[in-house]
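A short write-up of the structure that comes next.
Values quoted throughout were computed directly from the atomic coordinates according to the rules given, and no laboratory measurement underlies them. Since this is a predicted model, take the numbers as computed values, not measurements. Cβ placement follows ideal geometry from the backbone for every residue including glycine, while neighbour counts extend to all protein chains displayed.
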Number of protein chains: 2
Amino acid sequence: MSLDDASHKPHERLAILLADDLTRVGDTIRARMASEHAPRIPEVTAHLIEAGGKRLRPMLTLAAARLMGYAGDDHVRLAATVEFIHTATLLHDDVVDESAQRRGRPTANLLWDNKSSVLVGDYLFARSFQLMVETGSLRVMDILSNAAATIAEGEVLQLTAARNLATTEETYIQIVRGKTAALFSAATEVGGVVAGGSDTQVRALFDYGDALGIAFQIADDLLDYGAGGAIGKNTGDDLREGKLTLPVIRAIAAADADERAFWERTIGKGRVEDGDYETALELFARHGTLDGTRADALAWSAKARAALEALPEGEIRDILSDLADYVVARLV
Amino acid sequence: MSLDDASHKPHERLAILLADDLTRVGDTIRARMASEHAPRIPEVTAHLIEAGGKRLRPMLTLAAARLMGYAGDDHVRLAATVEFIHTATLLHDDVVDESAQRRGRPTANLLWDNKSSVLVGDYLFARSFQLMVETGSLRVMDILSNAAATIAEGEVLQLTAARNLATTEETYIQIVRGKTAALFSAATEVGGVVAGGSDTQVRALFDYGDALGIAFQIADDLLDYGAGGAIGKNTGDDLREGKLTLPVIRAIAAADADERAFWERTIGKGRVEDGDYETALELFARHGTLDGTRADALAWSAKARAALEALPEGEIRDILSDLADYVVARLV
């Protein structure tokens, strides 16, 4: 692969550019997921980490640090920290969601058991804190421990918001920050902090990660209703699971009495019948909520690109800008 | 209650002596378990925290700091940190063990669901890291993040050691450190660190907590086989659950072929029948394993008391010494 190949997606170009750093992150992850006494730990962790994934979050940390001209080692530790936090949340999510598949493979809770997923997740959280303590930066620890709290709070919020028709747009954005944006923004922010960026630059890196994460998650929620013409295997899952995503929240806000009864039965009570998915799409079209939500995703993407203007020009900044386009490109 | 009342147990005397500090710990816990957005979090946490418990771990931090003459505020933050870590592990333990009762009340996983227990536990872990970061002490963060890793590793080890007759005494001690001693020793150690104790004093506080925790857990495991004549509601649970505790490990090591077959059927395969508990007691008596294990618990208790000799004399030291006696007093 070559960087000049325009057919490469932005995260693939980042992976090429940061290949050496990524190798070191992989080495750190392998060294730190080991447990002298409990071989179950590296088994479960390796199953998930070696299944691939795009390593997007650790790349954001590496890219932010490199963009700021960093030449030390702490960005590798922090990228591994971010990946450990992400892996721990995936393990716990699969228990919470009772998932059977992740990254095309059976989930750890299915292959081993829920117990192992809970406890190995806890181990990875603890490991991530050990790694961040090694950087010696209180500011980094503050950012990442706050992100961990926002993630857990967002997950609890998502649990209690499910099937609750009173869920507001504000709550939705908090859930999205917890699910996705909090770790994106912490990943870019700590990259800037270890590189010694100015307050303005660190703030810009936070804003980029936050807006990128929100754009990414809104796009994901739109795809579940077939946005961009894509009908994937998960299309309609959110309706069946009673998730209050932005198109639904807005359709409920605009609903007349009959429409409200439809949402109460499907989202509220979980009684989804044949044809309900198509009815949901009709209601979205009637109130323009898919178009409105798409506009929101594009606005967050634009906000992410705009944040980059405060940062040094160059190839990494260009790729990060393309990445902000890419996460919403599937919508048009 | 008065401190002079000899009928008070050591932890009750500590609670009287540290009453003001404990009130502040309670205030910190209540303030920090709040979540503006997700009311499920304080609901679940309050259910567990307000059920009582002896608050032994936060008292160990407070006592260690006060013993060293500390007059600041960080010991309160750290005591709350320690209680949050403990509460998080209880929430996750109850999911792992599929428990129905804790502290005489239905468990959170039963009252709400496993999902809430997993995610609220994660939130409390994150909160505990935020609190320790506020102390600004890298050494404290190092100690507590290591303890968190040891706890999770010990729990995974316990999971994989269950029903495994090849479990060694060394593995048992690692499990015990994970279950109990790692948080006891971190609790006392960080109390000494914030108080600015010398390396020798901090080491002595670590050794005290470590030995106290091990003595406590070995005693607990002995009580499960009716040590000290107490037949509680949990007597025999460990045999049914196939736990490799010290008396069993030693009885297996000394077993002839018939005895080994008994252990393979009961502990190994989980086929426990009427009369098996009595047979286990006979085998313990034949090989003297309950007596030997009791001697070990007393030796750890003595080690805890000995560690205190490096620390300032006074009322707190006396109570901590009595506490080391108390945790094994139920065995004789």
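Structure notes:
- Positive-end residue, segment B:10-329 charge dipole about Cα centroid, Cβ charges, pick of B:Ala46, B:Thr160, B:Gly292: B:Ala46
- Dipole check for segment B:128-216: with +1 at the C-beta of Lys and Arg, -1 at the C-beta of Asp and Glu, and the Cα centre as origin, the magnitude is about 140 Debye.
- For segment A:75-199, the share of alpha carbon pairs falling in successive 5 Å distance bins from zero is 2, 11, 19, 19, 18, 15, 10, 4, 2, 0 percent.
- Acute angle (nearest 10 degrees) that the helix A:182-194 long axis makes with the longest principal axis of chain A, alpha-carbon atoms: 20 degrees
- Each other copy places its own label point for B:Thr235 at 6.5 nm from this one, sorted shortest first, where the point lies 7 Å along the Cα-to-beta carbon line.
- Where N is the number of residues in segment B:192-327, Cα Rg divided by 2.2 N^0.38 Å: 1.30
- Peptide B:158-168, shielding by other chains (average Cβ, 10 Å cutoff): 2
- Sequence-separation-based contact order of chain A, relative, with Cα cut under 8 Å and 6+ spacing, percent: 19 percent
- Charge tally in the Cβ shell below 10 Å around B:Asp122, where Lys, Arg are +1 and Asp, Glu are -1, B:Asp122 excluded: -2
- One equal scatterer on each Cα of segment B:10-329, no solvent, Debye formula: the resulting log10 I(q)/I(0) at q = 0.07, 0.10, 0.14 Å⁻¹ is -0.29, -0.59, -1.11.
- Stretchable slack from B:Ala71 to B:Leu281, in nm (0.36 nm times residue separation minus alpha-carbon distance): 70.5 nm
- Where labels lie 7 Å past Cα in the beta-carbon direction, separation of A:Arg203 and B:Ala310 in nm: 4.9 nm
- The protein assembly as shown: calculated mean residue ellipticity at 222 nm from DSSP helix runs of at least 4, using -39500 (n - 2.57): -22000 deg cm²/dmol
- Axis angle, to the nearest 10 degrees, between helix B:74-96 and the longest C-alpha principal axis of chain B: 30 degrees.
- In segment A:150-190, the trypsin sites (Lys or Arg not before Pro) that fall in loop regions by DSSP, at most 16 other Cβ within 10 Å: A:Arg163
- The GluC sites (Glu not before Pro) of segment A:3-48 that DSSP puts in a loop, and whose beta carbon has at most 10 other beta carbons within 10 Å, are A:Glu36.
- Candidates per GluC sites (Glu not before Pro) in segment A:253-321, loop by DSSP, up to 14 other Cβ within 10 Å: A:Glu273, A:Glu313
- Cα convex hull of the protein assembly as shown - mean projected area over all directions, nm²: 32.4 nm²
- Separation of the A:Arg240 and B:Arg139 label points, Cα + 7 Å toward Cβ, nm: 5.7 nm
- Within-11-Å neighbourhood charge of B:Ala227 [Cβ basis; K, R +1; D, E -1]: -2
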